[in-house]
Amino acid sequence: MSDVMTVGIDQMAVYVPPFKLEMGDLASARGVDPKKFELGIGQDEMAVAPLTQDTVAMGLNAAIQLFDRADKVDQQRLDAISLVIFASETGVDHSKAGAVFLTDILPIKQGVRSFEVKQACYGGTAGLQLATSYVHQHPEETVLVVASDNAKYGLKSGGEPTQGAGAVAMLISQDPRIAKVSDVSAYHTADVADFWRPTDQEYPLVDGPLSKKAYLDFFNDTFTSFLGLTHQTIADFTAICCHVPYTKLGAKALAPYLDDCDDETAKRLSHYYQQAVSYNRMVGNIYTGSLYLSLFSLLAHEPNLAPDSEIGMFSYGSGAVGEFFSLYLSKGYGQEIQKHRFAEQLTARKTLTIDEYETLFEEKIPTKARDFLVADDHHDPSEYQLKAINNGHRVYSNPKNR
Ligand code: CAA
């Protein structure tokens with residue numbers, strides 16, 4: 001261990017469900033100019049989750065990838081997990097944490113802590129920051145953070161083109177092999193009625209224009225504070241990743257700052273922003289995991305950035321909480337980002353017709369169902385699936401009985 005302990009993201013893996021909708025098909029079906037979705041919103045495809053993939057199943061399918069590919073060092077770090085944090089705003093239970101299912105089903109040692117965090121899309125960052133502090137306090141231990149969401153606004157709703165589904169799993173440790181988390185961070189909370197979901201509502205209530213404004217205001221507030229706290233300028237960042245409800249919004253947040261900086265910085269940040277949202281364009285919004293899908297996209301597309309390159313990270317969760325912090329890339333991070341498995345998942349997805357999408361979208365577990373068998377009508381190839389509700393308790397497949 002070096003004199004100054006570094007803590008951050010040691011490993012990460014991403015899961016997307018096996019179905020997608022082309023945004024051009026959605027535009028035609030809704031009578032909208034396809035250019036609005038492609039350019040105005042900045043989305044090409046939207047991931048669609050079948051009933052077998054609730055947020056716990058998706059989280060399991062993301063996290064298991066860390067175990068599947070473990071070499072000796074990985075295994076030591078996985079064996080040292082003593083805390084599991086599940087971040088979601090579309091969790092499966094008002095009381096029980098999704099992390100409890102993960103802890104039980106994944107090959108994690110007995111006797112760990114586990115809980116769920118919620119603050120809209122900010123939950124993933126809340127998990128990462130908590131985990132970072134925890135490892136500083138318990139340097140020999142590691143933390144599994146899983147951010148998983150199924151972003152649904154309803155058929156023909158205003159938010160429909162900004163839906164998506166997926167999960168990101170991150171292992172947080174000392175001497176991280178992907179990136180160190182900065183000590184300094186700028187954050188802000190304000191009560192904003194831009195997007196929220198009362199406990200009796202299936203879909204969120206959204207004030208679209210206010211949500212866009214709040215996102216941009218929180219970016220300006222936290223980014224400016226971060227620069228003040230660190231005495232930095234925008235030119236110090238190699239890249240800036242943003243929470244991505246849709247890819248155009250992060251670009252809008254950055255635009256005024258790029259107009260004001262030198263050409264080389266503007267060109268670099270603009271290029272890396274596009275690399276960073278490349279996967280988000282194909283997946284859509286995954287709420288808590290969106291910022292981390294964007295980071296994964298950047299690192300997968302740019303595996304050779306210089307060690308210690310500083311990546312700005314803007315997190316936003318409606319309601320609202322925003323945070324701006326930095327990551328410093330570790331030497332050799334490019335070898336740790338295993339993009340091939342994710343790329344395989346993306347290309348193996350089945351493209352749904354509009355009719356198939358609408359049918360799949362409307363499939364639901366009956367409310368108040370105490371016992372229900374979840375049929376795998378769509379031949380979900382994912383390892384972990386929701387199989388049944390037994391006396392109100394969710395049961396997941398564990399085919400390899402790990
Ligand atoms: N060609 C090119 N561009 C077009 C176009 C065309 N034919 N038609 C419209 N556009 C552009 C518009 O000019 C607009 O661009 P600007 O944002 O630069 O003004 C863009 O397409 C979107 O148009 P509208 O705002 O008119 O679209 P809309 O009324 O359909 O609403 C939305 C868009 C507000 C994002 C809506 O989909 C929504 O409510 N989504 C859910 C909420 C959301 O994602 N909010 C983002 C911030 S909240 C957050 O970040 C947390 C989270 O994850 C939910």
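Read-outs throughout are calculated quantities, based only on the coordinates presented, and are distinct from any laboratory measurement. These numbers were taken from a predicted model, which means no experiment stands behind them. We place every Cβ from the backbone using ideal geometry, glycine too, and count neighbours over all the protein chains shown.
Before moving on, here are some points about what is shown:
- GNM top mover of Val48, Val84, Val112 - the chain, alpha-carbon springs below 10 Å: Val112
- Among 195-203, 328-336, the peptide with the highest mean count of other Cβ atoms within 10 Å heads the list, and the full ranking is 328-336, 195-203.
- Along each principal axis, Cα extent of region 333-399, largest first, Å: 46, 30, 19
- Region 3-128 - share of DSSP beta bridges that are antiparallel (%, nearest 5): 40 percent
- DSSP bridge pairs, region 181-331: antiparallel proportion in percent, nearest 5: 80 percent
- With a simple spin-label model that places each label point 7 Å from the Cα along the Cα-to-Cβ direction, the separation between Thr189 and Asp355 comes to 5.0 nm.
- Label zone at Val73, where the point sits 7 Å out along the Cα-to-Cβ direction: region 1-33 residues whose backbone N lies under 18 Å: 1-13
- The chain: calculated mean residue ellipticity at 222 nm from DSSP helix runs of at least 4, using -39500 (n - 2.57): -11000 deg cm²/dmol
- For region 181-331, the normalised intensity computed at q = 0.14 Å⁻¹ comes to -0.66 (log10 of I(q)/I(0), Debye sum over alpha carbons, equal scatterers, no solvent).
- By average C-beta atoms within 10 angstrom, highest first, the peptides 208-217, 30-39: 208-217, 30-39
- Of the residues Val146, Val16, Val92, the one that moves most in a GNM of the chain with alpha-carbon contacts below 10 Å is Val92.
- Here the calculated FRET efficiency for Ile365 and Ala235, from their Cβ-Cβ distance with R0 = 56 Å, stands at 0.65, rounded to the nearest 0.05.
- In this structure, the pairs whose alpha-carbon distance is over 31 Å, taken from Lys248/Lys387; Lys36/Lys96; Lys252/Lys364; Lys96/Lys331; Lys36/Lys331; Lys248/Lys339, are Lys248/Lys387; Lys36/Lys96; Lys252/Lys364; Lys96/Lys331; Lys36/Lys331.
- Alpha-carbon centroids, region 140-181 and region 220-264: separation in whole Å: 21 Å
- Counted over the chain, the DSSP beta bridges are approximately 75% antiparallel.
- Computed extension length for Asp207-Val32: 61.0 nm, one decimal, from 0.36 nm per residue of separation with the Cα-Cα distance subtracted.
- Estimated FRET transfer efficiency (Phe372, Ala348; beta-carbon r; R0 25 Å; 0.05): 0.35
- Computed over the chain, the convex hull of the alpha-carbon atoms projects to a mean area of 18.7 nm².
- Build a GNM of the chain with springs between Cα atoms under 10 Å apart, and of His136, His94, His188 the one that fluctuates most is His94.
- Cβ-derived FRET efficiency at R0 35 Å, Asp308 paired with Asp200, nearest 0.05: 0.10
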